[in-house]
Each structure stands twice: as structure tokens, then as C-alpha cells.
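Have a look at the structure below before the remarks.
The values are calculated or read from the model by the stated rules, or taken from the named source; none is laboratory data. Every value quoted in this text rests on a predicted model; they were computed, and no experiment measured them. Every residue, glycine among them, receives a Cβ derived from its backbone with ideal geometry; neighbour counts consider all protein chains shown.
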Amino acid sequence: MLLFYATASPFARMVRIALIETGLDNQVHHQEVTLRDRDSLLLPFNPVGRVPALELDDGTIVTESLLILTMLDTLHAGPPLLPRDGTDRVRMIAEMGTAAGMLEGIVTWSRDLRRPMHEQSAAVLALETMRVNRTADALERAVAGGAYAGPISASQIVLGCALGWIDPRHPVWHWRDGRPALTAWFNAINARPSFQRTVPLPP
């Protein structure tokens, strides 16, 4: 298998961490690529131009991080990252969705801030600032109540990558303020070797 990734991408980082945690990493070749580049090595494999993209041994290209996570979880013999069935699986899918939704809001907020001042949208900035703070508050309550707990899982990887992208890439958001449970949770998961090996670089 061949994984196309960009070091700064939190979405590609989810897959990189999952490969390490499942022991599949040594079965996958890694190709770092440029994004928003018409000459990128990625484009013949994923014309959408986004990472992660995973080429399987039969040539099939799988894209989108959550889909790749789900597929990878069927390829290893260790403890599953996502329960195979039942209410625990539904709960974890819901947790993944909340964390991924917050990450999308953070990335949209950050992209708009990187535009020249006269091109920034006050409406977009207000919407995404409200969205991510509202979601982080919900996550604080959820984590304090025992969510995102237990052995390493797909939902933990998604939430850890979302929070881990903020400091190096979007430091204007002081997400830890007033969220002690979420802060402690992140400090613990961020210490895992898989997270330390894939720390996103500052811009």
C-alpha cells in the first residue's frame, strides 16, 4: 500500500497514527506530497487534490480520512479501533463525527484568517469561531463525563488530531481556557508515541 500525505494535514495525520497504532505502518510506503500544486505527485492518484489518499495493492485509491480509518481497521488482528457492531460502534461513530466537525470548523476559520484583511469574511469568522467554541464546550462536558476514554480508538485519534493541529497552525484560539477536562485528556493522548512521531510542523 502507498499513503500520500502532507505533514501539516490533520486528516492525513489521523491515518498515519492509525497505521502506527495497528502495527500496519511497516506494510505501507509513505509519499509526502505538495497540495494546491498543479504538478503535485498526488493528482494522478486523487484528482480532488486532498490528503490522505491510500493506494491499495490492487490499485484502488481510497480517500477521506474517516473512510480510510474504517478500512484499515479491517486489516489488522489487534484490538479494533472501531467496535465491529452494536451500540458501542454507533457511539464511537458519533464521537468521531463531533470531533471531525470541530476540526473542519477550525480549518475553515484558520484559512479565512490567512487571507488578506480585505478578503476576510466577518460572517465566516464569526460563524466558525462560534461553532468551534460551542463544540469544544460540548466536548469538555463529554470528556468530563467519560467519553473518548478507554483503549486507543478511532474517535480518540480524530479528536487528538483536531486538538493537536491548533497550537502549531491556529494559535489564535486559546481552546484550553475554561476546559480543564479536555486539556488533561489531550495532554495524555498527545504523549503517546504515535502522536509524538507525527507532530504537525508550524507554518
**Prompt:** Of the residues that sit in the range 154-203 and are among the aliphatic types (A, V, I, L, M) and surrounded by fewer than 19 Cβ atoms within 10 Å (Cβ to Cβ), which one is nearest to L69 (Cα to Cα)?
**Reply:** V199
**Near pairs, Cβ below 8 angstrom, 6+ apart or cross-chain, from the range 87-98 (closer than 16 Å to V143 by Cα and of a type in the set (D, E)) to any residue that is part of a helix (DSSP H, G or I) and at pLDDT 95 or above** = E95/A142; E95/S155; E95/V158; E95/L159
**Fill in**
Restricting attention to the range 28-65, the residues that are closer than 30 Å to P151 by Cα, out of contact with any Leu (no Cβ under 9 Å at 6 or more places or on another chain) and of a type in the set (S, T, N, Q) number exactly 1
**Complete:** The correct count of residues that are surrounded by fewer than 16 Cβ atoms within 10 Å (Cβ to Cβ) and part of a helix (DSSP H, G or I) in the range 82-92 is 6
**Prompt:** Name the residues in the range 193-203 that are under 25 Å from H76 (Cα atoms) and either assigned to a helix (DSSP H, G or I) or of a type in the set (A, V, I, L, M, F, W, C) (or both), would you?
**Reply:** P193, S194, F195, Q196, V199
**Complete:** In the set S65, S110, the lone residue that is surrounded by 13 or more Cβ atoms within 10 Å (Cβ to Cβ), touching a Phe, Trp or Tyr at 6+ places or on another chain (Cβ under 6 Å) and of a type in the set (S, T, Y) is S65
**Prompt:** Based on what the data block shows, is A147 assigned to a loop (DSSP other than H, G, I, E, B) and touching an Asp or Glu at 6+ places or on another chain (Cβ under 7 Å)?
**Reply:** yes
**Prompt:** Could you count how many residues in the range 101-117 are in contact (Cβ under 8 Å) with a residue 40 or more places away in the chain and either among the basic types (K, R) or closer than 16 Å to P200 by Cα (or both)?
**Reply:** 4
**Test: residue in the range 51-64 that is in contact (Cβ under 8 Å) with a residue 60 or more places away in the chain, closer than 26 Å to G23 by Cβ and either out of contact with any Lys or Arg (no Cβ under 6 Å at 6 or more places or on another chain) or assigned to a loop (DSSP other than H, G, I, E, B) (or both)** = no
**Asked** For the range 49-59, does any single residue satisfy the condition of being surrounded by fewer than 17 Cβ atoms within 10 Å (Cβ to Cβ), more than 18 Å from the chain's Cα centre (by Cα) and either on the phi > 0 side of the Ramachandran plot or among the aromatic types (F, W, Y) (or both)?
**Response** yes
**Message:** Give me the helices (runs of 4 or more DSSP H) completely within the range 150-192, filtered to those with at least 1 residues that are polar (S, T, N, Q), ordered by residue number.
**Reply:** 154-164, 180-190
**Request:** From the list L113, L56, pick out the single residue that is assigned by TED's automatic domain parsing to the domain that holds L163 and not small (G, A, S).
**Result:** L113
**Prompt:** I68 fails exactly one of the following numbered conditions: (1) farther than 30 Å from G145 by Cα; (2) touching a Leu at 6+ places or on another chain (Cβ under 6 Å); (3) outside any loop (DSSP other than H, G, I, E, B). What is the number of that condition?
**Reply:** (1)
**Request:** Select from the range 176-198 the residues that are in contact with a helix residue (DSSP H, G or I) (Cβ under 7 Å, 6 or more places away or on another chain) and free of Cβ contacts under 8 Å to residues at least 40 places away in the same chain and list them in ascending order.
**Result:** R176, F186, I189, N190
